[in-house]
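Asker: Provided herewith is a single structure, encoded as structure tokens, for subsequent inquiry.
The values are calculated or read from the model by the stated rules, or taken from the named source; none is laboratory data. Because the structure is predicted, anything quoted here is derived from the model rather than measured. Positions of Cβ are generated from backbone atoms using ideal geometry, with glycine treated the same way; all protein chains shown enter the neighbour counts. Heavy atoms of the whole protein, side chains included, go into the accessibility calculation; ligands, DNA and RNA do not. Shrake-Rupley method; radii C 1.70, N 1.55, O 1.52, S 1.80 Å.
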Amino acid sequence: MKIENDKVVQFNYKLSDANDKVLEESGEKVPMAYLHGHKNLLPALEREMEGKQAGDQFSAILEPSEAYGEIRPDQEQRIPVKHLQGAKKWKKGMVGVVQTEKGRRQVTVVKVGKFMVTVDFNHPFAGKTLKFDVEIVDVRDATNEEIAHGHAHGVGGHHH
Ligand SMILES: [Zn+2]
């Protein structure tokens, strides 16, 4: 079965930067699952998925403009350290989560003070050329419920 709109795809992936440093990897036992054609992946990666089937392996290189954009200046902000979620102790370079009016945002710690912390609101992968090594594990028809929700259920997908 080939990947096209309204198929649920399970895949393993390794994400590296231009220096082959691994940034992210899917779990060994649980592949990622997503619903194709519903903007659940970066559009450039989803395009590469189109037409592939179980067992296929490929690499895709995404320029920053196809991934998380260029690094924008003036994205640093001082916030109360209690607003930063994800760890108890913070160090420069760590990635945390901040609740904003536009939802959850990943931020990178720039400077830690006693009560305030300076964070950079650029996405941690902004400015990076990303290389995805992908292995397609399974392709199946989505259920009506999955199509209505716009995401995959079950192994590697949403549980609710
Ligand atoms: Zn759902």
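Asker: For the range 1-16, what are the residues that are open to solvent by less than 20 Å² (accessible area, probe 1.4 Å) and farther than 18 Å from Gly154 by Cβ?
Answerer: Matches in the range 1-16: Leu15, Ser16.
Asker: Specify which of the listed residues (Val109, Val98) is β-branched (Val, Ile, Thr) and touching a His at 6+ places or on another chain (Cβ under 7 Å).
Answerer: Values: Val109 fails: touching a His at 6+ places or on another chain (Cβ under 7 Å).
Result of the check over Val109, Val98: Val98.
Asker: Of the residues Phe121, Phe125, which single one is more than 27 Å from Ala33 (Cα to Cα) and in contact (Cβ under 8 Å) with a residue 40 or more places away in the chain? Don't jump to the end; show me each part of the working.
Answerer: Values: Phe125 fails: more than 27 Å from Ala33 (Cα to Cα).
Among Phe121, Phe125, only Phe121 is more than 27 Å from Ala33 (Cα to Cα) and in contact (Cβ under 8 Å) with a residue 40 or more places away in the chain.
Asker: I've got another one for you. Looking only at the range 41-70, filter to residues that are touching a helix residue (DSSP H, G or I) at 6+ places or on another chain (Cβ under 8 Å) and more than 20 Å from Val22 (Cβ to Cβ); which one of those is most open to solvent (accessible area, probe 1.4 Å)?
Answerer: It comes out as Glu70.
Asker: Can you tell me which residue is most open to solvent (accessible area, probe 1.4 Å) among those in the range 89-143 that are more than 17 Å from Arg72 (Cα to Cα) and among the acidic types (Asp, Glu)?
Answerer: Glu101
Asker: How many of the residues in the range 144-153 are under 26 Å from Val97 (Cα atoms) and either open to solvent by less than 60 Å² (accessible area, probe 1.4 Å) or under 16 Å from the mean Cα position of the chain (by Cα) (or both)? Show your work before the answer.
Answerer: Just the residues of the range 144-153 that are under 26 Å from Val97 (Cα atoms), to begin with: 149-153.
Imposing the further condition that a residue be either open to solvent by less than 60 Å² (accessible area, probe 1.4 Å) or under 16 Å from the mean Cα position of the chain (by Cα) (or both) reduces the set to 150-153.
Residues in the range 144-153 being under 26 Å from Val97 (Cα atoms) and either open to solvent by less than 60 Å² (accessible area, probe 1.4 Å) or under 16 Å from the mean Cα position of the chain (by Cα) (or both): 4 in total.
Asker: Right, something else. Return only the number of the condition from (1) on the phi > 0 side of the Ramachandran plot; (2) touching a helix residue (DSSP H, G or I) at 6+ places or on another chain (Cβ under 7 Å); (3) within 16 Å of the ligand (Cβ to nearest atom) that Gly127 does not satisfy.
Answerer: With respect to (1) on the phi > 0 side of the Ramachandran plot; (2) touching a helix residue (DSSP H, G or I) at 6+ places or on another chain (Cβ under 7 Å); (3) within 16 Å of the ligand (Cβ to nearest atom), Gly127 is out only on (3).
Asker: Might you check whether a residue that is within 16 Å of the ligand (Cβ to nearest atom), more than 21 Å from Arg78 (Cα to Cα) and of a type in the set (A, V, I, L, M) occurs anywhere in the range 150-157? Quick ask: steps written out before the conclusion?
Answerer: First pass over the range 150-157, keeping only residues within 16 Å of the ligand (Cβ to nearest atom): 150-157.
Cutting the leftovers down to more than 21 Å from Arg78 (Cα to Cα) gives us 150-157.
If we keep only those that are of a type in the set (A, V, I, L, M) too, we end up with 152, 155.
Yes, the conditions are met somewhere in the range 150-157.
Quick grid of which residues meet (1) in contact with a Lys or Arg (Cβ under 9 Å, 6 or more places away or on another chain); (2) assigned to a strand (DSSP E or B):
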position	(1), (2)
Ile61	yes, yes
Asp74	no, no
Ile79	no, yes
Gly96	no, yes
Gln106	no, yes
Asn122	yes, no
Lys128	no, no
Val139	yes, yes
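Asker: Would a scan of the range 107-115 turn up a residue that is under 17 Å from the mean Cα position of the chain (by Cα) and on the phi > 0 side of the Ramachandran plot? Steps first, answer last, please.
Answerer: Within the range 107-115, the first condition is being under 17 Å from the mean Cα position of the chain (by Cα), and the residues that meet it are 107-108.
If we keep only those that are on the phi > 0 side of the Ramachandran plot as well, we get none.
Within the range 107-115, not a single residue is under 17 Å from the mean Cα position of the chain (by Cα) and on the phi > 0 side of the Ramachandran plot.
Asker: How many residues are modelled with pLDDT of 95 or more and assigned to a loop (DSSP other than H, G, I, E, B) if we restrict to the range 22-38?
Answerer: Of the residues in that region, 3 qualify.
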